[in-house]
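What follows is a single structure, written as structure tokens, with notes after it.
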Amino acid sequence: MGAGDRTGSLWARMKVYTKDGDDGTTGLFYGGRVAKDSELPAAYGSVDEAQAALGLVRAVCDDDSELGRLTIAIMRDLWVLMAELATAPENAHKLTPGATLTTPEMVDALEVHIDSFTERFEMPTDFVVPGQTEVAARLDLARTVVRRAERDVLPAVRERESEALRYLNRLSDLLWTLARWQEGESLITKEL
């Protein structure tokens, strides 16, 4: 049986569905169950959507390109945010910084990227009309999904210390910057 052949493997025996959520609840990381429409699933669900939107960016980039590598790194960071957000506050002490807990260093890394990319183009001084290139349009879409995730995460972290909000705030700034960088000379701003 080759590495790609899953016949007889654990994958072949596992079912995608568990039926545990049929009652409108979902399991949390490190245990516990909550309603699917409660703060934690809303928060990590929105981050999951942001990760999927970044998948649209990745789909049109070469994984070995600078943008491709950065997109994959961000998508991996979002798994960390989702793990943190899928953990009940009483189990937060079980989280591991950088693996299941968002860290200040993760936020700092985004700031380094923002600073690096803003040096590569002239910053627009007016509102930008999105969609000059396909990659820029996908980055702008991902940015708006990240902004919504930021709003959805706020109630989930309001009562605990978390870097998730700061991370998402910087990520939306980075995605805006990357979109403008991708537009380059074709950037169009709103005419007053």
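Can we say residue 107 is surrounded by 15 or more Cβ atoms within 10 Å (Cβ to Cβ) and of a type in the set (A, V, I, L, M, F, W, C)? Answer is yes for this residue. Checked against (1) touching a Ser or Thr at 6+ places or on another chain (Cβ under 6 Å); (2) within 30 Å of residue 19 (Cβ to Cβ), residue 117 passes all but condition (2). Hey, does region 103-113 have a residue that's in contact with a Phe, Trp or Tyr (Cβ under 7 Å, 6 or more places away or on another chain) and more than 18 Å from residue 172 (Cα to Cα)? No; the residues of region 103-113 include none that is in contact with a Phe, Trp or Tyr (Cβ under 7 Å, 6 or more places away or on another chain) and more than 18 Å from residue 172 (Cα to Cα). Checked against the criterion of being within 13 Å of the chain's Cα centre (by Cα) and over 27 Å from residue 39 (Cβ atoms), region 127-139 contains one or more residues that satisfy it. Consider region 22-41 and keep the residues that are assigned to a helix (DSSP H, G or I) and open to solvent by 40 Å² or more (accessible area, probe 1.4 Å). The one that is farthest from residue 134 (Cα to Cα) is 23.
The condition (being within 20 Å of residue 55 (Cα to Cα) and at pLDDT 95 or above) is satisfied by just one residue among 96, 100, 144, 133: 144.
The values are calculated or read from the model by the stated rules, or taken from the named source; none is laboratory data. Bear in mind that the values here come from a model prediction, so they are computed numbers and not experimental data. Positions of Cβ are backbone-derived with ideal geometry, glycine not excepted, and every protein chain shown enters the neighbour counts. In case anyone asks, the SASA skips ligands and DNA or RNA and just uses the protein heavy atoms, side chains included. Shrake-Rupley method; radii C 1.70, N 1.55, O 1.52, S 1.80 Å.
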